[in-house]
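Everything on this sheet refers to the single structure shown next.
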Amino acid sequence: NAGVTQTPKFRILKIGQSMTLQCAQDMNHNYMYWYRQDPGMGLKLIYYSVGAGITDKGEVPNGYNVSRSTTEDFPLRLELAAPSQTSVYFCASRESGGMNTEAFFGQGTRLTVV
Amino acid sequence: DAKTTQPPSMDCAEGRAANLPCNHSTISGNEYVYWYRQIHSQGPQYIIHGLKNNETNEMASLIITEDRKSSTLILPHATLRDTAVYYCIVRVRSGTSYGKLTFGQGTILTVHP
C-alpha cells in the first residue's frame, strides 16, 4: 500500500492563478481531509469528506473547493491564489466508524503564492 | 472538542524517558485523548490514544489521570529520531465528529545526544 499520496510536493503560484492539489489513498478509507499548516502553527481543517459525493467545510474553507467523485481521490482546488494561501497542505484519510482508528497523513504539498 | 494545553518545548537526553504533559481540564466523558507527532514538517503520525485507562503500544505509553483532566505521553527510551512536534488532541466520541482533528501548537521535543 502506498498510503496517502499527495502531488505535487512543491509549487509556486502567482497571485490570481489557480491550481489543484491532488490527494489519493489506496486504503479504501471513506473519510478524507484537507488541512493547512502555517509556519509554527498547528494544522487547520479546510474541508473533509465522509464518502464519495459528500463533502463539508472545515474551519478555514474560504478560497478553496473540493470534490469527491471516487473513494480514492480528494482533490483540493484553489481558484484565485492569494498570498494568504501560502502554506503547507496535508491530506489525510481514515476508516469510517468507531474511535479505534487512526488518521493517515500524506507528506504534504508546500505552496508559495507570490 | 475540548481544548488542550501543552508546554511549547521540552528537552530530553537520548536514552532517557521523555514525559510530555497535556492538560485537558474541560474534557467530557465522551472524549478520547489522542497523540500525534510531526517530524520535521512531514505529515503527522499517529502515536496512541485512550479514554480513561492507561495505554501502551510499541511506540509509547499514555497515562491518563483518574479525573481525566490531564495526561502524559511517555517515550520510554528517547532517540534522536523522536525529535518532533507532539500534539495532544481531544476528540469527541460521537459519530458526527467524523474523525476531525483539532490541532494546537503542540510541544517541540528535542532529544539531545
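The values are calculated or read from the model by the stated rules, or taken from the named source; none is laboratory data. Given the structure is predicted, the values throughout are model-derived calculations rather than measurements. Cβ placement follows ideal geometry from the backbone for every residue including glycine, while neighbour counts extend to all protein chains displayed.
The table below gives the values:
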| item | result |
| --- | --- |
| Residues satisfying the stated conditions in the stretch B:1-51, i.e. surrounded by 16 or more Cβ atoms within 10 Å (Cβ to Cβ) and charged (D, E, K, R) | B:1, B:31, B:37 |
| Selection from the stretch A:91-114 of residues that are part of a strand (DSSP E or B) and facing chain B (nearest Cβ under 9 Å) | A:91, A:92, A:94, A:104, A:105, A:110 |
| Filtered residues of the stretch A:32-80 (kept if outside any strand (DSSP E or B) and of a type in the set (Asp, Glu)) | A:38, A:59, A:72, A:79 |
| Candidate set: the stretch B:44-62, residues that are at pLDDT 95 or above and among the small types (Gly, Ala, Ser); chosen: the one farthest from residue B:15 (Cα to Cα) | B:61 |
| Residue in the stretch A:49-67 that is of a type in the set (Ser, Thr, Tyr) and under 30 Å from residue B:52 (Cα atoms) present | yes |
| Residue selected from the stretch A:27-70 under the condition in contact with a Pro (Cβ under 8 Å, 6 or more places away or on another chain) and more than 10 Å from chain B (Cβ to nearest Cβ), by the criterion farthest from residue A:112 (Cα to Cα) | A:67 |
| Residue list for the stretch A:2-19, filter: among the hydroxyl-bearing types (Ser, Thr, Tyr) and over 11 Å from residue A:109 (Cα atoms) | A:18 |
| Yes/no for residue A:22 being surrounded by fewer than 19 Cβ atoms within 10 Å (Cβ to Cβ), modelled with pLDDT of 95 or more and assigned to a loop (DSSP other than H, G, I, E, B) | no |
| From the options A:56, A:38, residue that is under 25 Å from residue B:89 (Cα atoms), in contact (Cβ under 8 Å) with a residue 24 or more places away in the chain, in contact with a Ser or Thr (Cβ under 8 Å, 6 or more places away or on another chain) and of a type in the set (D, E, K, R) | A:38 |
| Failed item, numbered, when residue A:88 is tested on (1) within 8 Å of chain B (Cβ to nearest Cβ); (2) under 20 Å from residue A:12 (Cβ atoms); (3) part of a loop (DSSP other than H, G, I, E, B) | (3) |
